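S.K.: Next up is a structure, given as structure tokens.
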Amino acid sequence: MKILVPVKRVCDPDNANKVKVSADGATVTSDGLEWKPNPFDEYAVEAALRLNENAPKNEKLGETLVCSLGPAEVAQTLRQALAMGADRGILIDATDGQLDTTVVARALKALVDKEKPDLVLMGKQTVDGDSNAVGQTLAEMLGWPMATFAMTVSTNDGGKTLTVGREVDTGVLTLKVTLPAVVTVDLRIVAPAGIKNGATPADHKYNEGARYASLKGIMQAKKKAIDQLKLSELGIDTATSSAYPKFELPPARTGNCVFVETVDDLLGKLRTQAKAI
Amino acid sequence: MSGVESDAQAWDTLRLSVRSLAQELGLDYFRRVDQERTFPEQLFEQAAQAGWFGTLIAESYGGSAAGPAAASVIVEELNATGGDATAVNAQLAICGVLVRAGSEAQKQRYLPGIARGEVRCLSVAATEPESGADMTHLDSRARRDGDGWVIDAQKVFISMAQHTRLLLLLVRTEAGPTLFLLDRGLHGESLDARPIDMLVHRMTTMLFIEGLRVGDDALVGEPGRGIEHLMGGFALRRVLAASECIGSARFLLDKSLAHAKERKSFGRFIGQNQGVQYPLAQAYAHLEAADLVRWDALRLLEAGRDAGGRSALAKILASDALAETCRAAMTTFGGWALADELHIERKLRESTVFGFNNLLLSHVAQHVLGLPKAF
């Protein structure tokens with residue numbers, strides 16, 4: 001099946017504590033931090049590759065497209081996904097300030113209308129904004145079925161439907177969705193048995209986690225195309241629907257330990273002192 | 001735009017891939033391998049999976065033919081992440097001799113396994129107890145005996161001879177210095193490798209071979225041209241050594257800069273002190289210069305041109321820059337530089353193996369500057 005995987009670059013999540021707020025509080029600065037693919041998006045790329053590989057004669061079951069919105073350097077993030085094995089990239093030129101959940105969802109809808117994938121497979125959320133909203137918004141805009149927080153995906157009916165296992169608080173909820181659909185993935189999708197595509201042999205051993213870009217993959221990725229589009233060319237409303245008036249870092253922890261006698265006392269302190277509830 | 005620049009994005013992807021692999025193994029993994037003096041099995045296995053060992057091997061033999069720049073980025077980034085690229089460097093580069101001078105049968109038999117990391121090709125045995133790096137005077141010999149050869153050899157400073165399956169051995173025959181390919185799977189019992197305890201974990205050995213019979217199929221290239229066959233790979237090996245130096249220096253510099261910005265002494269950040277700043281700035285300047293020459297050498301190698309002189313300069317400059325960065329790191333960290341838990345101490349020791357440059361200086365003097373032959 002033809003799968004579209006949106007990928008976003010984020011500040012190195014392992015060094016998130018080094019993110020600073022600009023002096024005027026208007027922006028978050030990430031100077032000196034590396035860009036990395038959003039981990040959940042990387043899992044979505046891995047899941048898409050597993051869905052499309054190991055057809056007879058080592059062919060693919062469909063095309064895996066990766067796309068991203070951002071400045072020209074985002075091509076590097078797409079190139080990484082191409083090196084993992086994705087077939088083609090699409091880069092929509094935009095500045096970070098132009099993007100919010102709604103604009104990204106609108107841009108992806110325009111891309112879906114153009115590329116007509118069978119499945120949009122994406123991370124459940126990015127680890128920078130943590131909005132957890134693009135997948136849901138996109139599915140609504142497209143009027144497509146949606147399955148979020150997928151931990152397993154298997155294909156049925158010759159690739160016409162998917163069975164999706166979702167991890168919820170009370171256990172695993174199993175959904176059957178008809179394609180085309182939007183599926184967002186959670187961490188466990190990259191467990192060795194997360195994906196069943198009907199073609200990969202049952203005894204095939206997948207590693208835990210997303211695959212590394214092999215050297216061969218990196219060399220092949222040099223020849224793969226990254227189509228360039230401009231946000232303004234998509235014919236969408238580019239007005240953002242959210243704004244960030246001010247950023248501030250959480251107060252530094254004092255390390256003071258306060259003992260309380262009763263639960264009411266605790267709740268009172270959480271409310272009035274810590275302002276946590 | 002030359003090939004190297006247009007490939008920059010691919011090298012960035014490769015860098016990230018190497019870095020995540022090394023970070024997943026973790027600094028303590030490399031510390032343990034160093035302390036326990038073991039072969040880095042896990043690194044080797046993962047490097048094989050990532051396809052690094054096929055860098056110089058053509059696709060028709062199962063490699064990726066990614067080329068010298070890819071090899072250089074791999075070993076640099078491993079060291080820049082605090083790892084040790086010794087075994088990876090050997091496996092991806094030493095097979096270059098077979099690629100260039102090996103017979104078709106040797107290539108078909110071994111290259112695919114080397115690319116997959118299943119066949120270890122880690123050792124070149126050239127240096128001898130009496131002659132050191134002077135490969136023109138070899139006491140080790142192979143004499144013609146019927147349709148085969150009988151080898152008697154004594155070699156010293158042979159890295160990883162206990163861990164390799166394939167070993168390239170330089171001995172004298174009637175025709176002159178000649179290269180043989182020994183397969184420990186076939187000749188293992190005749191190869192006696194004894195470890196030499198050293199300051200640094202290079203898995204170094206002395207090698208004794210007595211009365212080993214091999215056939216003509218063990219010959220690499222032509223008898224008498226052994227040194228030439230080995231030297232064909234020297235430019236790349238120098239650039240890889242330079243890349244390892246640059247990687248280690250970057251690791252030390254990154255660590256030192258972070259420490260200088262965070263560590264307070266006498267009520268101020270030590271990075272404010274010129275006694276700390278200047279050595280770091282100086283080391284950085286020399287490191288960047290070495291890196292430019294290294295990429296210049298890679299440009300020549302990628303274009304298939306002679307990189308003899310440039311690669312020698314790259315190795316000399318990069319190892320000097322590393323030594324300077326080591327001193328700057330010691331100034332920055334003080335006594336902590338010598339504690340193994342910060343991984344600086346290990347890098348200080350590792351850096352010592354790159355400091356022997358006299359033959360390279362002689363190469364530059366004679367072949368680049370046109371001075372008379374020294375020896």
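The values are calculated or read from the model by the stated rules, or taken from the named source; none is laboratory data. What you are looking at is a predicted structure, and each value in this text was computed from that prediction instead of being measured. Using ideal geometry, Cβ is built from the backbone for each residue, glycine included, and neighbour counts are taken over all protein chains shown.
S.K.: When the residues of region A:55-74 are narrowed to those that are over 16 Å from the mean Cα position of the chain (by Cα) and buried (at least 17 other Cβ atoms within 10 Å of the Cβ), which ends up nearest to A:Met1 (Cα to Cα)?
M.R.: Within region A:55-74, the match that is nearest to A:Met1 (Cα to Cα) is A:Gly62.
S.K.: If A:Asp265 satisfies every condition in (1) away from chain B (no Cβ under 14 Å); (2) surrounded by 10 or more Cβ atoms within 10 Å (Cβ to Cβ); (3) modelled with pLDDT of 90 or more; (4) closer than 30 Å to A:Asp100 by Cα but one, which is the exception?
M.R.: Of the numbered conditions (1) away from chain B (no Cβ under 14 Å); (2) surrounded by 10 or more Cβ atoms within 10 Å (Cβ to Cβ); (3) modelled with pLDDT of 90 or more; (4) closer than 30 Å to A:Asp100 by Cα, the odd one out for A:Asp265 is (4).
S.K.: Still on this structure, I have one more. Mind listing just one residue for me: the one in region A:1-49 that is hydroxyl-bearing (Ser, Thr, Tyr) and more than 21 Å from A:Val112 (Cα to Cα) and, of those, nearest to the chain's Cα centre (by Cα)?
M.R.: Step by step, filter region A:1-49, then rank; the result is A:Ser30.
S.K.: Shifting gears a bit: Select from region B:111-137 the residues that are touching a Ser or Thr at 6+ places or on another chain (Cβ under 7 Å), part of a loop (DSSP other than H, G, I, E, B) and modelled with pLDDT under 95 and list them in ascending order.
M.R.: The answer is B:Ala133, B:His137.
S.K.: Go through (1) closer than 17 Å to A:Lys2 by Cα; (2) buried (at least 17 other Cβ atoms within 10 Å of the Cβ) for A:Ala150 and report which single condition fails.
M.R.: Of everything listed in (1) closer than 17 Å to A:Lys2 by Cα; (2) buried (at least 17 other Cβ atoms within 10 Å of the Cβ), A:Ala150 misses just condition (1).
S.K.: Could you say whether any residue in region B:260-269 is assigned to a helix (DSSP H, G or I) and surrounded by 14 or more Cβ atoms within 10 Å (Cβ to Cβ)?
M.R.: yes
S.K.: Quick one: which helices (runs of 4 or more DSSP H) sit completely within region B:45-107 and have at least 2 residues that are touching a Ser or Thr at 6+ places or on another chain (Cβ under 9 Å) and touching a residue at least 60 places away in the same chain (Cβ under 8 Å)?
M.R.: Helices (runs of 4 or more DSSP H) meeting the threshold: B:68-80, B:86-93.
S.K.: Within region A:15-32, which residues are modelled with pLDDT of 80 or more and either farther than 21 Å from A:Ala252 by Cβ or within 13 Å of chain B (Cβ to nearest Cβ) (or both)?
M.R.: A:Ala26 - this is the single residue of region A:15-32 that is modelled with pLDDT of 80 or more and either farther than 21 Å from A:Ala252 by Cβ or within 13 Å of chain B (Cβ to nearest Cβ) (or both).
S.K.: May I ask you to list the residues in region B:70-83 that are more than 11 Å from chain A (Cβ to nearest Cβ) and either touching a Pro at 6+ places or on another chain (Cβ under 7 Å) or of a type in the set (A, V, I, L, M, F, W, C) (or both)?
M.R.: Hits for region B:70-83 are B:Val75, B:Leu78, B:Ala80.
S.K.: Restrict the check to region B:25-39 and report whether at least one residue is part of a helix (DSSP H, G or I), more than 14 Å from chain A (Cβ to nearest Cβ) and either β-branched (Val, Ile, Thr) or under 13 Å from A:Ser214 (Cα atoms) (or both).
M.R.: Within region B:25-39 (the criterion being part of a helix (DSSP H, G or I), more than 14 Å from chain A (Cβ to nearest Cβ) and either β-branched (Val, Ile, Thr) or under 13 Å from A:Ser214 (Cα atoms) (or both)), the answer is yes, since at least one residue qualifies.
S.K.: Taking the stated definitions as given, is B:Ala80 closer than 27 Å to B:Ser248 by Cα and modelled with pLDDT under 95?
M.R.: For B:Ala80, the condition - closer than 27 Å to B:Ser248 by Cα and modelled with pLDDT under 95 - is not met.
S.K.: Now a separate question. Scanning region A:228-244 for residues that are surrounded by 13 or more Cβ atoms within 10 Å (Cβ to Cβ) and part of a strand (DSSP E or B), which turns out farthest from the other protein chains (Cβ to nearest Cβ)?
M.R.: So, considering only residues that are surrounded by 13 or more Cβ atoms within 10 Å (Cβ to Cβ) and part of a strand (DSSP E or B), the one farthest from the other protein chains (Cβ to nearest Cβ) is A:Leu229.
S.K.: Okay, next question. Whether any residue in region A:118-128 is modelled with pLDDT of 95 or more and over 15 Å from the mean Cα position of the chain (by Cα) is what I want to check.
M.R.: Yes, region A:118-128 contains a residue that is modelled with pLDDT of 95 or more and over 15 Å from the mean Cα position of the chain (by Cα).
S.K.: A follow-up question, please. When you go through (1) under 20 Å from the mean Cα position of the chain (by Cα); (2) exposed (fewer than 12 other Cβ atoms within 10 Å of the Cβ) one by one for B:Gly370, which number turns out not to apply?
M.R.: Failing condition for B:Gly370: (1).
S.K.: Which of the numbered conditions does A:Ser131 fail, given that it passes all the others? Conditions: (1) among the small types (Gly, Ala, Ser); (2) on the phi < 0 side of the Ramachandran plot; (3) touching an Asp or Glu at 6+ places or on another chain (Cβ under 8 Å); (4) away from chain B (no Cβ under 14 Å).
M.R.: It is condition (3) that A:Ser131 fails.
S.K.: Within the set of pairs 6 or more residues apart or between chains, which connect a residue that is of a type in the set (Asp, Glu) inside region A:198-222 to a residue that is not in a loop (DSSP other than H, G, I, E, B) with Cβ atoms less than 7 Å apart?
M.R.: A:Glu208/A:Val190
S.K.: Mind checking whether some residue in region B:297-305 is touching a residue at least 40 places away in the same chain (Cβ under 8 Å), farther than 30 Å from B:Gly334 by Cβ and surrounded by fewer than 17 Cβ atoms within 10 Å (Cβ to Cβ)?
M.R.: Scanning region B:297-305, I find at least one residue that is touching a residue at least 40 places away in the same chain (Cβ under 8 Å), farther than 30 Å from B:Gly334 by Cβ and surrounded by fewer than 17 Cβ atoms within 10 Å (Cβ to Cβ), so the answer is yes.
S.K.: Another question, then. Kindly check whether there is at least one residue in region B:284-293 that is without any contact (Cβ under 8 Å) to a residue 40 or more places away in the chain and either on the phi > 0 side of the Ramachandran plot or of a type in the set (Gly, Ala, Ser) (or both).
M.R.: yes
S.K.: Same structure again: Yes or no: B:Ala8 within 14 Å of chain A (Cβ to nearest Cβ), farther than 20 Å from B:Ser159 by Cβ, touching a Leu at 6+ places or on another chain (Cβ under 7 Å) and hydrophobic (A, V, I, L, M, F, W, C)?
M.R.: no
S.K.: Restricting to region A:23-36, name every residue that is loosely packed, with under 11 Cβ neighbours inside 10 Å and either hydrophobic (A, V, I, L, M, F, W, C) or free of Cβ contacts under 8 Å to residues at least 12 places away in the same chain (or both).
M.R.: Those that are loosely packed, with under 11 Cβ neighbours inside 10 Å and either hydrophobic (A, V, I, L, M, F, W, C) or free of Cβ contacts under 8 Å to residues at least 12 places away in the same chain (or both): A:Ala23, A:Asp24, A:Asp31.
S.K.: Only one residue in A:Ala81, A:Ala86 is in a loop (DSSP other than H, G, I, E, B), touching a strand residue (DSSP E or B) at 6+ places or on another chain (Cβ under 7 Å) and within 13 Å of another protein chain (Cβ to nearest Cβ). Which one?
M.R.: After applying the criteria, what remains is A:Ala86.
S.K.: Out of region B:53-68, which residues are small (Gly, Ala, Ser) and either buried (at least 24 other Cβ atoms within 10 Å of the Cβ) or more than 19 Å from B:Gly304 (Cβ to Cβ) (or both)?
M.R.: B:Gly54, B:Gly62, B:Gly63, B:Ala66
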